[in-house]
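Working notes for the structure below.
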Amino acid sequence: MWQRLGALSLCGVGVSLLGAAAAHADTTANQASAADADPQAPTAASDGDLQQVTVTGIRPLVEDKLPADVQNIPQTVTVVPEEVIEQQSDTRLEQALQNVPGITLNAGEGAARGDTVNIRGFSAFNDFFLDGIRDAAVYTRDSFDLQSVEVVKGPSAVLFGRGSTGGAINQVSKAPLLTPLDVFTSDFGTNDLYRGTADVNVPFATGDAFRVNAMGESSSIAERDFVENRRWGLAPAISFGIGAQDTLTLAYLHQQEDDRPDTGIPFVDGRPAPVPIGTDYGLDTDRTTSNVDIATARYKHDFSSSVSIADTLRYAHYDFDYRFAAPNFGNVADGGQGPPAAGLPFSDILVGRDAPDSSGIQTNIDNQLDLFARFDTGAVTHNLVGGVEYSRQTSDLARYVNPFNSNNNWVPETPLLDPDPYEPLPGVEPVSSYQDTTAYVYSAYVTDTIGLTRYLDLLAGVRYDEFSADYDQLSVPSDAVLHLSHVDRLGSPRAALEFKPTPTQTYYLFYGTSFDPSAEALTLTTKTADLGPVKAETYEAGAKNTLLGGGLLLSAAVFQTTVDNAQTNDPENPNITLLEGNQRVDGLELSATGHITPRWEITAGYTYLDGRTIASGTPADVGKDLPNVARNEIDLWTEYHIASRWEFGLGGSWFTHRYGDSGEIAYIPGYTVVNAMVSYRPTEDLTLQLNGFNLLDKYYYLAPYYTSASENHVLPGPGRSASLTIRLAL
């Protein structure tokens with residue numbers, strides 16, 4: 001393995017430029033400090049020219065694998081910059097993603113189980129990236145070390161490999177800067193929030209700098225006060241040769257959490273149970289813990305102003321331990337009530353406690369070598385990006401005996417209207433099975449943006465992936481061993497045509513594909529081991545227009561994404577899984593990002609998603625909405641500088657109803673949430689910021705999970721709350 005890894009390339013870390021900042025050029029504090037530290041801070045480029053260096057993150061995809069600014073990328077891309085994250089007082093990645101239309105949150109089995117979202121109607125659990133490298137693991141991502149968040153919509157296997165049916169999410173880490181920076185924040189909130197962060201940057205030589213971000217937090221969820229969040233994190237990074245011909249950056253992220261999770265509210269009669277928002281169906285002994293360690297190295301060498309090479313090496317280690325009791329009505333045969341009969345008085349309904357406990361360790365070794373080149377062939381220009389990738393991923397999982405499967409009263413059933421969270425656990429359950437998976441990925445890709453004329457560009461790309469997985473399962477009670485393996489080899493195309501009649505207008509047609517191997521989530525079953533990958537393709541037509549001197553970017557796109565071989569049950573034998581399902585999403589997306597006036601900023605988006613099951617082994621699902629897809633969604637955040645020291649922000653989200661399941665049984669009402677912010681800067685160094693969340697105190701539901709009328713739940717959104725941020729920037 002190490003010989004193959006070494007053959008691919010040397011390790012490295014680097015910096016790249018974020019063209020998405022065009023619409024936010026003067027909005028991000030750290031961008032400003034990097035650029036303004038020394039307006040005459042030129043560095044020598046390899047061809048002898050002088051250039052000003054602006055560092056906006058360790059590895060943004062925009063102007064890296066997507067070699068253009070947002071306006072000139074022939075695909076829908078949304079960038080959430082650090083300034084918006086700070087204005088909204090977002091402390092989680094999922095909160096920042098609420099600025100991105102077309103995203104809904106999912107819950108996992110028993111509890112949220114880390115970040116899990118849908119993009120344009122399709123699950124994106126494995127489509128999280130950190131500085132361009134896959135970050136598919138079970139944990140809740142904090143925002144303390146994020147410079148920005150990039151969301152690329154639609155199938156993009158050429159860029160990311162497996163997954164990305166609805167899109168991909170890239171977190172851009174903060175990079176060392178060429179100017180000193182000392183920012184300290186303290187947050188206090190009505191949801192028992194106590195949070196502190198530090199961001200310190202120290203240049204120590206010409207072109208060299210060290211930066212460290214740190215975070216600690218204790219909090220609950222407004223009006224669901226039994227939920228406890230305890231976390232801390234540390235993220236140091238050091239860069240050598242910033243803006244020089246050779247740049248090396250070494251970065252490390254540690255994040256640790258110890259929470260009492262939210263196990264949600266069950267569905268009754270196809271609706272969330274009509275109970276107060278603070279109702280707790282878990283037990284006070286519930287705990288979830290995770291530890292994340294990610295080390296990254298990136299080296300970049302500029303042969304000239306038009307040719308460069310970069311190599312990124314990462315080792316990541318994730319471990320988790322989830323022990324909790326989740327609401328489940330169970331089966332009558334196992335001593336439970338079973339799904340409540342329609343019309344049964346709520347006072348007569350009892351809820352059991354499921355125990356889908358597990359713990360595990362996941363490791364990732366990734367190496368990506370990328371080449372960037374700009375050149376001409378006669379009158380035709382080329383912007384070429386190509387590379388090879390290698391990764392080795394392992395998952396060692398322990399599942400524990402779940403007494404609920406054989407005895408629904410292992411913890412006494414509790415009344416739906418008055419659950420008792422203080423029921424004692426009978427004891428610690430032993431391990432029921434061990435599951436070990438090792439997966440290897442070998443990939444090569446190339447994309448070329450070809451300037452055919454001054455007004456017309458053609459983008460063409462192709463990627464080859466080999467994804468293999470070996471899966472072993474040991475059943476502890478019987479000592480039975482199951483071994484499964486699977487290999488997928490396939491190519492993925494990408495193409496687009498851009499028409500740019502003026503420098504501020506772009507019109508495009510885009511085609512992209514994706515694939516999801518049966519072992520994508522590092523697990524296999526006897527049903528899926530022999531199945532090929534699930535494939536998706538999308539067609540998108542869009543327009544982007546920059547107004548007001550480049551300050552405001554308007555975008556519009558219509559698209560269709562189709563999965564024509566989705567996994568589904570054989571209608572004649574439910575124990576057999578076939579690739580004969582068909583799912584389709586037709587959609588429209590509109591957005592506005594940037595400045596309306598020098599004092600007035602806006603981030604707004606709208607999506608219309610018509611997602612349906614076209615074919616399925618479950619005939620009742622055909623023609624029904626895809627689960628957890630809102631037909632209409634609006635996300636808005638606008639901020640106004642009232643005076644030199646005062647700022648005011650207002651925004652929120654609006655969703656129409658959606659369903660939690662494929663059969664349109666579990667109905668989730670639509671909702672509107674309104675948030676606001678006001679900040680005052682009494683001195684140049686000190687900022688006081690007051691945020692209000694869910695000001696209308698709307699009782700709404702964020703994240704569903706539904707497998708049957710017995711096993712289901714939905715996580716409520718936070719109630720009304722407020723927080724005060726004290727920010728000191730020295």
| query | Across the stretch 675-686, what is the number of residues that are part of a strand (DSSP E or B) and surrounded by 17 or more Cβ atoms within 10 Å (Cβ to Cβ)? | reply | 3
| message | Among the numbered criteria (1) surrounded by 15 or more Cβ atoms within 10 Å (Cβ to Cβ); (2) modelled with pLDDT of 95 or more; (3) assigned to a loop (DSSP other than H, G, I, E, B), which one does Val411 miss? | response | (2)
| query | Quick one: would you say Thr288 is buried (at least 18 other Cβ atoms within 10 Å of the Cβ), farther than 17 Å from Leu715 by Cα and either under 24 Å from the mean Cα position of the chain (by Cα) or hydrophobic (A, V, I, L, M, F, W, C) (or both)? | reply | no
| said: Just the residues that are among the acidic types (Asp, Glu) and assigned to a strand (DSSP E or B), please, taken from the stretch 488-536. | reply: Asp488, Glu498, Asp516
| message | For the stretch 337-360: of the residues being part of a loop (DSSP other than H, G, I, E, B) and out of contact with any strand residue (DSSP E or B) (no Cβ under 7 Å at 6 or more places or on another chain), which is surrounded by the most Cβ atoms within 10 Å (Cβ to Cβ)? | response | Ala355
| query | In this structure, does Asp280 turn out to be closer than 25 Å to Ser173 by Cα and not polar (S, T, N, Q)? | reply | no
| task | Please indicate, with yes or no, whether at least one residue in the stretch 260-273 is over 19 Å from Pro415 (Cα atoms), in contact (Cβ under 8 Å) with a residue 60 or more places away in the chain and crowded, with 16+ Cβ neighbours inside 10 Å. | result | yes
| message | Restricting to the stretch 690-700, count the residues that are outside any loop (DSSP other than H, G, I, E, B), surrounded by fewer than 22 Cβ atoms within 10 Å (Cβ to Cβ) and either in contact (Cβ under 8 Å) with a residue 60 or more places away in the chain or touching a Gly at 6+ places or on another chain (Cβ under 8 Å) (or both). | response | 1
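This table checks each residue for (1) over 30 Å from Ile450 (Cα atoms); (2) surrounded by fewer than 22 Cβ atoms within 10 Å (Cβ to Cβ).
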{"position": "Thr78", "(1), (2)": "no, no"}
{"position": "Arg92", "(1), (2)": "yes, yes"}
{"position": "Ile103", "(1), (2)": "yes, no"}
{"position": "Ser123", "(1), (2)": "yes, yes"}
{"position": "Asn126", "(1), (2)": "yes, yes"}
{"position": "Lys153", "(1), (2)": "no, no"}
| task | Tell me, please, whether a residue that is under 21 Å from Arg231 (Cα atoms), in contact (Cβ under 8 Å) with a residue 24 or more places away in the chain and more than 15 Å from the chain's Cα centre (by Cα) can be found in the stretch 157-173. | result | no
| note | Only one of Ala592, Ala566 is farther than 26 Å from Gln88 by Cα, surrounded by 17 or more Cβ atoms within 10 Å (Cβ to Cβ), of a type in the set (A, V, I, L, M) and touching a strand residue (DSSP E or B) at 6+ places or on another chain (Cβ under 7 Å), namely Ala566
| task | Scan the strands (runs of 3 or more DSSP E) fully inside the stretch 597-668 and keep the ones with 2 or more residues being in contact with a Lys or Arg (Cβ under 7 Å, 6 or more places away or on another chain). | result | 600-615, 632-641
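The values are calculated or read from the model by the stated rules, or taken from the named source; none is laboratory data. Source: prediction; values computed, not measured. Glycine also receives a Cβ, built like all others from the backbone with ideal geometry; neighbour counts cover every protein chain displayed.
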